[in-house]
Amino acid sequence: MEHNQFRAWLKLQGIEHEEKWLEQFDSACKEDGQAIVNIALLYKVHGQYDEMYDLLNKAVEQQNREAMYELGNCYFEQLGEKGSEHQAFLLYQSAAQLGHPDAMNNLADMYLNGEGTAVDEQRALSWFKKAAQLGVAEAMFTLGMMYEQGLGTECDESQAFAYYSCSAELQDVEAMYRIGMICFSGELGQQQDQEKAVEWFLKASEQFHVDATFNIGYCYEHGCGVTRNNDKAIHYYKKASLLGDMEATKKIVNYYELTDPAEVTKWREKLIVLNNDINE
């Protein structure tokens, strides 16, 4: 595609910041590796998979680690029905060896889950640690899980809690929820602290974590770490229901059966919809 053809394509797609993208396109034509990746990802967003693959493969030939990582993602997702998990594994491996943090995390995931390669928990642990050292919050969360469950290493509650905490501080939503559960129940050798649990559930709920949102409703309903408040309990149960939680919806139905017949009908209908979605 030439400069004017790319300009016409941008207009056809209604893409903003046309001049910025034209500059990126011209840089890509001059073999700028990052610009090549940027244009490839623009094609990805707009479903132009053949053009995307052509550009990413071109950048991979230049040993561009970002291109290796992104092409690995595309093969893993099998966009355009191309690629395989094993090809994704090889690309993540190459990018990880060149120091790409997210590729290290994805490579570790594949070792842990046996995707595109044989299960190897110890190699998974090693790569998760490398990714964690480079600040990947998801890797820290998984390390917490591995130390908690003894995957690829001995069980170590102290290490597990430390990794979960680091991940949560970096705003990983699953880690925030897990820390909330640890505080709520007093797990991993930690003292029970339901007030702190609610704080972490609230942080996870802000990122639309459905179980954390349900738990806040439960805490307000039963006075766990907060003062009992039925209105706030229902508020959070409604939020959880809108995120697809059936148990929260049942809680709302039970509440309105005693207080508001009109609301009961609406939430029973919601419960039917959720039940149908689960059974489809």
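The values are calculated or read from the model by the stated rules, or taken from the named source; none is laboratory data. Because the structure is a prediction, the values reported are computed rather than measured. Backbone-built Cβ (ideal geometry, glycine too); neighbour counts: all protein chains shown.
For this structure, a couple of remarks:
- Taking the numbered list (1) at positive phi; (2) free of Cβ contacts under 8 Å to residues at least 24 places away in the same chain; (3) in contact with a helix residue (DSSP H, G or I) (Cβ under 8 Å, 6 or more places away or on another chain) in turn, GLU263 passes all entries but (1).
- Subset of segment 25-49 that is of a type in the set (A, V, I, L, M) and without any contact (Cβ under 8 Å) to a residue 24 or more places away in the chain - its residue that is surrounded by the fewest Cβ atoms within 10 Å (Cβ to Cβ): VAL45
- Across segment 50-77, the qualifying residues are those that are among the polar types (S, T, N, Q) and in a helix (DSSP H, G or I), and the one among them that is surrounded by the fewest Cβ atoms within 10 Å (Cβ to Cβ) is ASN57.
- Segment 229-245: number of residues that are within 25 Å of the chain's Cα centre (by Cα), exposed (fewer than 15 other Cβ atoms within 10 Å of the Cβ) and at pLDDT 95 or above: 0
- Filtering TYR177, TYR256 for residues that are over 22 Å from the mean Cα position of the chain (by Cα) and among the aromatic types (Phe, Trp, Tyr) leaves a single hit, TYR256.
Per-residue answers, yes or no, for (1) farther than 25 Å from ILE272 by Cβ; (2) in a loop (DSSP other than H, G, I, E, B); (3) within 22 Å of the chain's Cα centre (by Cα); (4) not assigned by TED's automatic domain parsing to the domain that holds LEU274:
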| position | (1), (2), (3), (4) |
| --- | --- |
| GLN190 | yes, yes, no, no |
| TRP200 | yes, no, yes, no |
| ASP211 | no, no, yes, no |
| TYR220 | yes, no, no, no |
| THR227 | yes, yes, no, no |
| THR249 | no, no, no, no |
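- One residue from GLN87, GLN93 being at pLDDT 95 or above and surrounded by fewer than 19 Cβ atoms within 10 Å (Cβ to Cβ): GLN87
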